[in-house]
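Accompanying notes for the structure given below.
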Amino acid sequence: MSRISEAFKNGKAFIPFITCGYPSLEATKEIVKSAAANGADLIELGIPFSDPTAEGPVIQEANLVALENGVTTDKIFDMVKELREEVSVPFVFMTYANVVFSYGTERFCQKCQEIGVDGMILPDVPFEEKEDFVPTCDKYDLDFISLIAPTSEDRIAMIAKEAKGFIYIVSSLGVTGVRSEITTDVGALAAKVKENTDVPCAIGFGISKPEQAEKMSQYADGVIVGSAIIKLIGQHKDASATAVGEYVSCMKKAIL
């Protein structure tokens with residue numbers, strides 16, 4: 001059993017997404033520590049990429065700033081290694097296939113195992129192409145996290161049955177970003193997932209307010225928030241750790 005399953009054992013899991021290196025790697029380190037201390041059950045760490053196709057403008061901008069600041073995959077690995085001395089919650093990398101390919105898939109997965117990363121999400125890799133990564137991930141005890149979107153329809157059962165770690169349910173069509181309301185029938189989507197697997201599922205894309213998080217947590221085992229946190233970091237810059245910690249605490253309370 002992977003360490004990711006531990007994140008879903010104490011009620012509903014709150015999962016913040018943080019872009020590594022935005023506004024700096026030092027700031028990221030403090031933000032991650034604050035999020036973990038304030039109730040984050042699992043933390044998604046974004047490795048910046050020049051063409052983040054699944055992301056809306058807020059996270060795109062964070063990617064560009066991080067890259068302009070000279071953030072590299074190796075520097076992120078070093079940061080995570082340091083974080084692991086203090087933070088025990090599961091870490092999952094979210095990035096793009098090209099980042100992993102260019103680093104070397106085997107080398108990337110081996111490094112993840114060495115520094116204590118538990119899973120990987122590649123939103124630009126369709127289910128049918130996951131075999132380019134899954135065997136190597138398995139070799140190094142890295143869960144390859146599957147995504148299920150409103151358009152997955154007949155493929156939901158197939159994806160769910162082969163899922164590992166947790167399943168990322170995409171609440172809305174389009175890219176990441178804060179939404180005033182979520183109109184997809186997420187409950188039906190989550191129910192279909194649960195019919196086909198015992199692997200926990202978490203809902204992301206568009207969630208920013210406690211009341212949205214509370215509603216989504218009625219359907220799933222966890223809630224993922226990205227853009228709202230990156231927006232907060234954009235406002236507070238290097239002093240973001242306290243603000244993010246307070247936000248995480250508020251959202252975690254909303255889904256208990």
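Bear in mind that the values in this text are calculations on the coordinates, not laboratory data. The shown structure was predicted, so the numbers you read here are calculated from the model rather than taken from an experiment. Quick reminder, even Gly has a Cβ in these numbers, built from the backbone with ideal geometry, and neighbours come from all protein chains shown.
Mind checking region 1-70 for trypsin sites (Lys or Arg not before Pro) that DSSP puts in a loop (not H, G, I, E or B) and that have at most 15 other Cβ atoms within 10 Å? Sites meeting the loop and neighbour criteria: K9. Full extension of the chain between T72 and D238 gives 57.9 nm of extra length, using 0.36 nm per residue less the Cα-Cα distance. May I ask you to derive the FRET efficiency for K253 and N10 from their Cβ-Cβ distance with R0 = 22 Å, giving the value to the nearest 0.05? Plugging the Cβ-Cβ distance into 1/(1 + (r/R0)^6) gives 0.95. Each peptide among 107-114, 60-67 gets the average number of other Cβ atoms lying within 10 Å of its residues, and from highest to lowest they stand as 60-67, 107-114. Here the label points at A37 and L64, each 7 Å from Cα along the C-beta direction, are separated by 3.3 nm in the simple model. Amide H contacts for D143 (H built 1.01 Å from N in the peptide plane; partners 5 or more residues away or on another chain; cut-off under 5 Å): G119, M120. The count of lysine pairs in region 1-154 that are at least 8 places apart or cross chains, and whose C-alpha atoms lie under 30 Å apart, stands at 29. Looking at region 54-100, which trypsin sites (Lys or Arg not before Pro) are DSSP coil and have at most 10 other C-beta atoms within 10 Å of their C-beta? For trypsin sites (Lys or Arg not before Pro) across region 54-100 that sit outside H, G, I, E and B with at most 10 neighbouring Cβ atoms in 10 Å, the list is empty. Residue by residue, region 13-30 carries 3J(HN,Hα) couplings of 8, 9, 10, x, 10, 10, 7, 5, x, 10, x, 7, 5, 4, 5, 4, 4, 5 Hz when phi is fed to the Karplus relation 6.51 cos²θ - 1.76 cosθ + 1.60 (θ = phi - 60°); x denotes Gly or Pro. Using the Cβ of L83 as centre and a radius below 14 Å, the other residues enclosed give a net charge of -4, where K and R count +1 and D and E count -1. Applying 1/(1 + (r/R0)^6) with r as the Cβ-Cβ distance of Q110 and D185 and R0 = 41 angstrom yields a FRET efficiency of 0.50.
Each of V65, I255, I43 was scored by the projection of its Cα onto the charge dipole of the chain, and the greatest displacement toward the positive side belongs to I255; charges sit on the C-beta of Lys, Arg, Asp and Glu. The string of couplings for region 245-251 from the Karplus curve (6.51, -1.76, 1.60, θ = phi - 60°) is x, 5, 5, 4, 4, 5, 5 Hz, one whole number per residue in order, with x for Gly and Pro. Residue by residue, region 59-65 carries 3J(HN,Hα) couplings of 6, 4, 4, 4, 4, 5, 4 Hz when phi is fed to the Karplus relation 6.51 cos²θ - 1.76 cosθ + 1.60 (θ = phi - 60°); x denotes Gly or Pro. About the centre of its Cα atoms, the chain shows a dipole size close to 600 debye [charges on the beta carbon of Lys, Arg (+1) and Asp, Glu (-1) only; nearest 20 debye].
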